[in-house]
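Here the structure comes first, spelled out in structure tokens, and everything after it is commentary.
The values are calculated or read from the model by the stated rules, or taken from the named source; none is laboratory data. In this text, all values refer to a predicted model and were calculated from it rather than measured experimentally. Here the Cβ is made from the backbone with ideal geometry for all residues, glycine too, and neighbour counts use every protein chain on show.
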């Protein structure tokens, strides 16, 4: 059983062939192997093939144009034009939803659509519903994908109560290379229903595209999302005051609250309040004491007597374990809050792998992580975290992708204030724009990181690249070959801990670690580790 008209409707609406090739696959029901795969311009060929072969196979197509045959990874997709979400009842994989489950899904969908500012096209998936948005061709798919992930995270948060009530799940189907079951076909199970796509004109929404591209952490903090309940006249002041109170409790300043309220006011209030009213709300709420008041740091030198030092009670340093025993021992139990550390190594040594291992392990200890990366693709970072999170535990980790547009120091500070992490990972120092790499001037940037760590009660772990050469007379920013411990770099004067490492000349999976500085407790570190880059684990040998 099939519905040829739904196939025609989908291809006509999606317009995939206008900007590239359509990817088509037939998947064997029993072993999930690909039986047929090809890339083609003519959707009619796919329709005819799907109609003639309906037994024990899935028919799937790519939702965005493929530019080259065989190129089907996210990074290979050059154009992003179709975005969809999958809403369906929670059920076992491979099972068919009951009438009651589908009915509840329809009730949830009705509520969902009533809250959507920009309405999608709705298609029946056989079990639930697919929501589609058409956007003008966007030629930076990974940038849009990263914005969509922020939107999706907030979407789940805003719909949590209703998805629980109706036992519904919303699947993340936003990646550029995503594939979807061909409409007009059905899953090859007894009782399965044919998926359908309505006859509807394609209307690309520049508004929806601009809205998603404008997404960043400040909007997440302000609570602005795709499901935006309009705040009507009569509720505006109370609602905004409640939001402002939530922000103040988290330590946001009057100025930060005002800027966030402007976003909510312009997006959701009907009609918007005048800015002077927002100023009054921000000023009044700003008078309250936050739950976590900002720490004022005085960096002026302090003169004190030996007697006063004898009587001084030094506060305990809160430690963040990182799950690599030799490093936890070197750090006297873990990375200390209000401190900064630095890991230095040549290129292609495993700095990013180590950074991901430290971040994932700390997150598994229920710590909040902010991971800023300037080099590797988001997919690589995600896979490394996944390899350690085998039980798929929800981790409180925030990522900042600086591979396309590198962020400056002020932006780093902004993300720290917004996410309130306990551990910040910066991968890596040499890629930060505006930071001078003069061996003396760059200490100002490290001093800045130290101040930020103290002000925000977090640890900042910085990775950096060094070049190893054989010339012992060169005094520039280098380490002598196989003499990591002799590196007398300016950075030693600023950081609390520094670790240098390099790989074995004959085995890339053997690393030699040298502790170059331990400010809190002077001790040495000379360790050999074996790294498994697939599982992102480090074992002392």
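Identify, from the list 42, 19, 76, the residue that is assigned by TED's automatic domain parsing to the domain that holds residue 143, free of Cβ contacts under 8 Å to residues at least 60 places away in the same chain and at negative phi. So the residue among 42, 19, 76 that is assigned by TED's automatic domain parsing to the domain that holds residue 143, free of Cβ contacts under 8 Å to residues at least 60 places away in the same chain and at negative phi is 42. When the criteria are applied in full, residue 122 meets the requirement of being surrounded by fewer than 19 Cβ atoms within 10 Å (Cβ to Cβ), part of a strand (DSSP E or B) and in the same structural domain as residue 32 (by TED's automatic domain parsing).
A single entry from 113, 49 fulfils the requirement of being outside any strand (DSSP E or B), surrounded by fewer than 18 Cβ atoms within 10 Å (Cβ to Cβ), touching a residue at least 12 places away in the same chain (Cβ under 8 Å) and touching a strand residue (DSSP E or B) at 6+ places or on another chain (Cβ under 8 Å): 49.
Within region 140-156, one or more residues are on the phi < 0 side of the Ramachandran plot and in a loop (DSSP other than H, G, I, E, B). Could you list, in sequence order, all residues of region 154-187 that are at pLDDT below 85 and surrounded by 15 or more Cβ atoms within 10 Å (Cβ to Cβ)? Result: 154, 155, 158, 186, 187.
Among the residues of region 266-286, those that are in contact with a helix residue (DSSP H, G or I) (Cβ under 6 Å, 6 or more places away or on another chain) and buried (at least 18 other Cβ atoms within 10 Å of the Cβ) comprise 269, 273, 278, 281, 282, 285, 286. Of the residues making up region 463-486, at least one is within 19 Å of residue 361 (Cα to Cα), assigned by TED's automatic domain parsing to the domain that holds residue 388 and either touching a strand residue (DSSP E or B) at 6+ places or on another chain (Cβ under 6 Å) or modelled with pLDDT of 75 or more (or both). For region 357-410, the set of residues classified as within 21 Å of residue 465 (Cβ to Cβ), in contact with a strand residue (DSSP E or B) (Cβ under 9 Å, 6 or more places away or on another chain) and in a loop (DSSP other than H, G, I, E, B) consists of 374, 375, 376, 377, 402, 403, 407, listed by residue number. Report yes if residue 60 is over 19 Å from residue 135 (Cα atoms), touching a strand residue (DSSP E or B) at 6+ places or on another chain (Cβ under 6 Å) and at pLDDT 90 or above, otherwise no. Judged against the criteria, residue 60 is a match. Inclusion of residue 332 among residues that are in a helix (DSSP H, G or I) and modelled with pLDDT under 90 is not warranted. Among the conditions (1) in contact with a helix residue (DSSP H, G or I) (Cβ under 7 Å, 6 or more places away or on another chain); (2) part of a helix (DSSP H, G or I); (3) at pLDDT below 80, the only one that residue 418 does not satisfy is (3). Here residue 332 meets the list (1) under 21 Å from residue 454 (Cβ atoms); (2) buried (at least 20 other Cβ atoms within 10 Å of the Cβ) almost entirely, failing just condition (2).
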